[in-house]
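To start, the structure itself, in structure tokens.
The values are calculated or read from the model by the stated rules, or taken from the named source; none is laboratory data. Please read all numbers here as calculations on a predicted model, not as lab measurements. Cβ atoms come from the backbone with ideal geometry, glycine included; neighbour counts cover every protein chain shown.
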Amino acid sequence: MPELTQVKETKRGRYALFFDGEFAFSLDEDTFAMAGLHTGDELEEWQIHDLQTKSDTRKAVDKAMDLLALRDHAAGELYQKLCRSFDPHSAAAAVAKMQELNLLDDAGFARRRAAELLRKRRRAILDDLHAKGIDAARPSKRWKLCLPKARRTGRKTRSWPMPAHWWNATMPQSWHRANGSR
């Protein structure tokens with residue numbers, strides 16, 4: 001069994017653990033305090049792995065809080081971002097913690113995101129929401145109502161403003177001469 005030979009506080013406020021004289025990993029302050037570790041303790045491999053998992057989950061929760069402080073995220077999008085830096089278990093635990101704290105609201109996120117994307121076509125909106133981790137196959141009626149009426153019925157609409165003299169610009173010169181409109 002590995003013996004905890006040294007504990008050093010790091011510059012970032014974490015605790016570096018050394019087993020048998022070699023650095024193993026660092027723990028956050030809360031995990032270290034709950035573990036009640038002291039120099040000379042002998043830990044089994046599963047205990048070491050459990051400490052490291054708890055610390056990684058804590059780091060993932062902190063990262064999730066940082067990401068949510070910048071802007072809203074869908075649960076799927078947040079999970080994908082956390083998986084870039086953490087293992088899937090820690091990322092899933094962090095997303096679950098954010099949902100437990102009511103910091104994630106996929107329906108509200110979908111409504112706000114759809115409102116931002118109103119100038120795009122319906123398919124582009126659904127694709128964007130799907131990329132953010134929201135099930136676009138069955139969109140909720142609430143955020144569907146955010147779409148303009150013409151887009152909800154399937155009719156195509158312009159995404160650009162109509163010019164002031166659009167009629168003159170679209171009709172050929174021969175029509176104007178024949179009708180004396182110019």
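A few points about this structure:
- Contact map, the range 65-81: residues that are within 14 Å of GLN99 (Cα to Cα) paired with residues that are among the aromatic types (Phe, Trp, Tyr), Cβ distance under 6 Å, separation 6+ or inter-chain. Pairs shown: ASP72/PHE109; ALA74/PHE109.
- Considering residues of the range 44-64 that are in contact with a helix residue (DSSP H, G or I) (Cβ under 8 Å, 6 or more places away or on another chain) and among the aliphatic types (A, V, I, L, M) only, the residue farthest from LYS8 (Cα to Cα): ALA64
- Meets criteria (over 11 Å from the mean Cα position of the chain (by Cα), at pLDDT 80 or above, surrounded by fewer than 17 Cβ atoms within 10 Å (Cβ to Cβ) and among the hydrophobic types (A, V, I, L, M, F, W, C)) for ALA131: no
- Consider the range 30-75 and keep the residues that are part of a helix (DSSP H, G or I) and among the acidic types (Asp, Glu). The one that is modelled with the lowest pLDDT is ASP30.
- Candidate set: the range 21-43, residues that are touching a Pro at 6+ places or on another chain (Cβ under 9 Å) and surrounded by 11 or more Cβ atoms within 10 Å (Cβ to Cβ); chosen: the one farthest from CYS83 (Cα to Cα): LEU43
- Cross-chain or 6+ apart pairs with Cβ under 8 Å, the range 44-64 first and free of Cβ contacts under 8 Å to residues at least 60 places away in the same chain and closer than 17 Å to CYS83 by Cα, then β-branched (Val, Ile, Thr) and crowded, with 19+ Cβ neighbours inside 10 Å: LYS54/THR31; SER55/THR31; ARG58/THR31; ALA64/VAL95
- Only one of the numbered conditions (1) at pLDDT 90 or above; (2) within 34 Å of the chain's Cα centre (by Cα); (3) of a type outside the set (Gly, Ala, Ser) is violated by VAL7, and that is (2).
- All of PHE18, PHE25 fail the test of being in a strand (DSSP E or B) and in contact with a helix residue (DSSP H, G or I) (Cβ under 6 Å, 6 or more places away or on another chain), apart from PHE25.
- Test: residue in the range 134-156 that is at pLDDT 70 or above, under 30 Å from LYS54 (Cβ atoms) and crowded, with 17+ Cβ neighbours inside 10 Å: no
- Residue that is nearest to ARG71 (Cα to Cα), among those in the range 91-125 that are in contact with a helix residue (DSSP H, G or I) (Cβ under 8 Å, 6 or more places away or on another chain) and of a type in the set (D, E, K, R): ARG113
- Residue within the range 110-117 that is part of a loop (DSSP other than H, G, I, E, B) and modelled with pLDDT of 75 or more present: no
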